[in-house]
Each structure stands twice: as structure tokens, then as C-alpha cells.
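Participant: I'd like to ask you about the structure that follows.
Derivation of every value follows stated rules applied to the coordinates shown; laboratory data play no part. What you see is a predicted model; the values in this text were computed from it and never measured. All Cβ positions, glycine included, derive from the backbone under ideal geometry; neighbour counts span all protein chains shown.
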Amino acid sequence: MLAVNKEVAMILRKGMEDYGRLLAGIACLIFLAGCSAEKTDPGNKVVAQINKYKMTEEDLRYEFKNTPYDEAELLETENGRKRYLRGLIEKEVLLQEAQRQGIDREKDFMKSIENYWEQALLRILIERKSKEISSLTHVYDNEIEEYYKDSGEKLPFLKVKNEIMNIIRQKKETDAMNAWIDELKNSSYIRVDEKVLESLAVK
């Protein structure tokens, strides 16, 4: 991902740190959606049933596809896949108990989901814009040569050409990303009440 200004980087980093804590909440929403949806595909066989919830082949394939890196080896053997399924069943039992206790309707839970939703949107937006900027960014030979001369580099030009090209590309992409963010802010109505802000200062 491209380097962005500090504020956006901080938001994205916080979102990734919160991800693990909120994963159970997201899974609970998936569970609720799964319980309400009808499995109409006759070829989508039920692999396991936990109370009223039916885990289908499609559900299990999705779980396998999104397996954490450190657990991926489990899926290489039949016993490993059975062990992984037992873990999913245990998680489902716990999620159903959380729902039974009404945790999914508590304010703190809903706020956690809202926070994760915002972070996920930001991450996807920044990633897409990064790809767009990268595809439009070009580094020309004269730019590389000028950078080489100004840097006072002692190594032969050909040995450092690619490194210099990457440095220039990274700077162009970062500048483009920050310019885009500034453009969005400049085209938005933003008002800050400094007095209210000062009253919230930590004492």
C-alpha cells in the first residue's frame, strides 16, 4: 500500500489492530445472516448442523479460503480439516450462546461493528486508490538520471538505477495519494468548533 498522510495511516493501523477483537462480532453477524437465509441450492450440501444453523459446503469452502496463514497447514490432511471443522463448530456454539444472551443487541457490540465497518471501508478505498495511482504513475529515464546526479551516489548508475526508480515512484505515488485526500477535504464542508474542542482537552 502507498504511504499516506499520518492521519489516514493512523486510522488504518487502528483498524487492523481492532480487527482481531472484532472478529467474533463479525462472525456473529454472518451467523445471523446465515440463519435467516434459505439454502436453495440443492447442490449445496449441509456439512454440519449446530442447532438451527446449517453449515453448507459453500460456507466451509469460504472458511477454508480465508483460513489464517498459521492454520493453513491443517487443511492439507483429512484429520486437519476435521480438527478445523471442530473449531468452527465450537465457535458457532459460542456465537449462538452470545446471541441467546442478547450480546448482539448491546450498544457496545453495535459500536464495535460500526467501528470495524468504517475501518474496512477505509482500507478498501485506500487500496483501490493506491492501485489506480500506481497504474497511472510513470518514472522517466531523465528523472532517474537527474536524481542520480543530485544524490552524489558513488556506485555505478546501472547498479542503482532500479532502486532510484522505485524511490521516485514511491514519492510520486505518495504525493498523488496525499493530493487526492487534500482535494477531497477541500471539496467538503468542514467546520470545527475550537471552543468545544478545547473543553475536551485532557487535564
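Participant: Near Ile168, within a Cβ-to-Cβ distance under 12 Å, what is the net charge of the other residues, with Lys and Arg +1 and Asp and Glu -1?
Facilitator: Summing Lys and Arg as +1 and Asp and Glu as -1 gives -4.
Participant: Using amide H atoms built 1.01 Å from N in the peptide plane, name the residues 5+ places from Val47, or on other chains, whose amide H lies under 5 Å from its own.
Facilitator: For Val47, the qualifying residues are Met55, Thr56, Glu57.
Participant: To the nearest µm²/s, what D does Stokes-Einstein give for segment 70-158 at 4 °C and 1.567 mPa s, using the Kirkwood radius over alpha carbon pairs as Rh?
Facilitator: Approximately 68 µm²/s, per Stokes-Einstein.
Participant: For labels at Asn51 and Gln170 in the simple 7 Å Cα→Cβ model, what's the distance in nm?
Facilitator: My value for the distance between the label points is 5.1 nm.
Participant: Just need the Rg to Rh number for segment 137-203, please, alpha carbons only, Kirkwood Rh.
Facilitator: Using Cα coordinates only, the ratio equals 1.33.
Participant: What spacing in nm lies between the two simple spin-label points modelled at Arg100 and Glu114, each 7 Å away from Cα in the Cβ direction?
Facilitator: 3.0
Participant: Please list, in order along segment 114-122, the HN-Hα scalar couplings obtained from phi with the Karplus expression 6.51 cos²θ - 1.76 cosθ + 1.60 (θ = phi - 60°), rounded to whole Hz, x for Gly and Pro.
Facilitator: 4, 4, 5, 4, 5, 5, 5, 4, 4
Participant: Full extension from Ile181 to Glu58: what is 0.36 nm times the residue separation minus their Cα-Cα distance, to one decimal in nm?
Facilitator: Using 0.36 nm per residue and subtracting the Cα-Cα distance, I get 40.4 nm.
Participant: I've got another one for you. Sticking with the crude label model, points 7 Å out along Cα→Cβ, report the distance from Leu121 to Lys149 in nm, one decimal please.
Facilitator: Roughly 4.9 nm, to one decimal.
Participant: Find, among the chymotrypsin sites (Phe, Trp or Tyr not before Pro) in segment 61-148, those assigned to loop by DSSP (not H, G, I, E, B) with at most 16 other beta-carbon atoms within 10 angstrom.
Facilitator: Loop-located and lightly packed - Tyr140.
Participant: Under the 0.36 nm per residue contour assumption, what length would be gained going from the current alpha-carbon distance of His138 and Ala201 to full extension?
Facilitator: 18.2 nm
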